[in-house]
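Here is the structure we will look at.
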Amino acid sequence: MKILIIGGGNMGLTYARSFVRAHITSRLDLRLLARSPERVGALAAHEIGTVWGTPEECVPGASIIILAVKPQDSGALFARLAGLVQPEQVVLSIMAGVTVATLRQALGTPKIIRAMPNLPAQIGMGMTAFTSTDEVSRAELVQVQNLLSTTGKTIYVENEAAIDASTAISGSGPAYVYYCMDALMAAAAQMGFAPAEAELLVSQTFRGAVELYSQAGLSCADWIAKVSSKGGTTEAAMRAFGTGQVREGLMAGAGAARDRAEELGR
């Protein structure tokens, strides 16, 4: 499978390393397109695949083209790729907010897959939602899912609107987790713990709670009930969270993120 990754940032390099590590492709069949001569040298130093500086050299012959650039750079990217992408090539885009319709029109090709990974993909613990046009065959879809699965879990969605929703939940979600962790670290510091102690208390609590959740078939409400006791400390905290509308605030934040994703798409 000859794969071309356009964009050598964090996600581009994450995919390149993951594909080679999983033996889905080899360094000989992996191509990377850099945006400048300086970037060509920087990417070549990673010794992951063949690095190119111009699309005319590397787009032909690629079976899958991965667009891993920032969405604000999509216009310049489309201009560079004009007339080069062929109908039989599969285009996988991870540009947030750039719709399938925009990709199809800009590139003039029917086989489009749009995906939204998240930051933990860098350590193989990512969550990626993806969708595709009808022209993508079942075999091609399985190929791309195998690629995405090298960085964590995947979910296929029929409706493209769900990509914007996944952007708000799993795409932006790590920031919500860090926000909560930071608040608890601040609370621990106020209670007299040193910064290193506060970090350990909070990070290990989150790690253990998530692992416990993943190993048993209980809901979040079930686990809250297990931790809580009548008139106890957890119940007091939950009551304070309710008064401060913490749950509502998090839901509103996710909604705002989805609205922004849709706005970017327009």
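Side notes on the structure shown:
- In the range 239-266, the residues that are more than 19 Å from Ser228 (Cβ to Cβ) reach residues that are of a type in the set (D, E, K, R) and part of a helix (DSSP H, G or I) with C-beta atoms within less than 7 angstrom, at least six apart or across chains, in these pairs: Arg258/Asp164; Ala261/Asp164; Glu262/Asp164; Gly265/Asp164.
- Considering residues of the range 18-44 that are touching a residue at least 12 places away in the same chain (Cβ under 8 Å) and among the hydroxyl-bearing types (Ser, Thr, Tyr) only, the residue farthest from Gly126 (Cα to Cα): Ser36
- Residue count for the range 113-136, restricted to those that are more than 16 Å from the chain's Cα centre (by Cα) and surrounded by fewer than 22 Cβ atoms within 10 Å (Cβ to Cβ): 4.
- Any hit, the range 224-238, residues being farther than 30 Å from Thr102 by Cβ, basic (Lys, Arg) and not in a helix (DSSP H, G or I): yes
- Matching residues in the range 162-205 - criterion: being within 30 Å of Glu262 (Cβ to Cβ) and open to solvent by 50 Å² or more (accessible area, probe 1.4 Å): Ile169, Ala175, Tyr176, Val177, Tyr178, Tyr179, Asp182, Ala183
- Pairs meeting the criteria (first residue in the range 214-230 and on the phi > 0 side of the Ramachandran plot and open to solvent by 80 Å² or more (accessible area, probe 1.4 Å), second residue of a type outside the set (S, T, N, Q) and in a loop (DSSP other than H, G, I, E, B), beta carbons under 7 Å, at least 6 apart or on different chains) are lacking.
- Here Glu47 fits the description: open to solvent by 60 Å² or more (accessible area, probe 1.4 Å), part of a loop (DSSP other than H, G, I, E, B), without any contact (Cβ under 8 Å) to a residue 24 or more places away in the chain and assigned by the TED database to the domain that holds Ala96.
- Of the candidates Asp73, Asp134, the single residue that is acidic (Asp, Glu), free of Cβ contacts under 8 Å to residues at least 60 places away in the same chain and outside any loop (DSSP other than H, G, I, E, B) is Asp73.
- Applying the condition of being within 26 Å of Arg260 (Cα to Cα) and in a loop (DSSP other than H, G, I, E, B) to the range 137-161 and asking which residue is least open to solvent (accessible area, probe 1.4 Å) yields Thr151.
- Matching residues, the range 23-44, being among the charged types (D, E, K, R) and either assigned to a helix (DSSP H, G or I) or crowded, with 19+ Cβ neighbours inside 10 Å (or both): Arg31, Glu38, Arg39
- Answer from Glu262, Glu248 - the residue that is over 29 Å from Gln72 (Cβ atoms), acidic (Asp, Glu) and assigned to a helix (DSSP H, G or I): Glu248
- One residue stands out in the range 1-22 among those that are within 24 Å of Phe78 (Cβ to Cβ) and in a loop (DSSP other than H, G, I, E, B): the one that is most open to solvent (accessible area, probe 1.4 Å), namely Lys2.
The values are calculated or read from the model by the stated rules, or taken from the named source; none is laboratory data. All of these numbers come straight from a predicted model, not from anything done at the bench. A quick note on method: Cβ atoms are made from the backbone with ideal geometry, for glycine too, and the neighbour counts reach across all protein chains shown. What goes into the accessible areas is simple: the full protein's heavy atoms, side chains included, and nothing from ligands, DNA or RNA. Shrake-Rupley method; radii C 1.70, N 1.55, O 1.52, S 1.80 Å.
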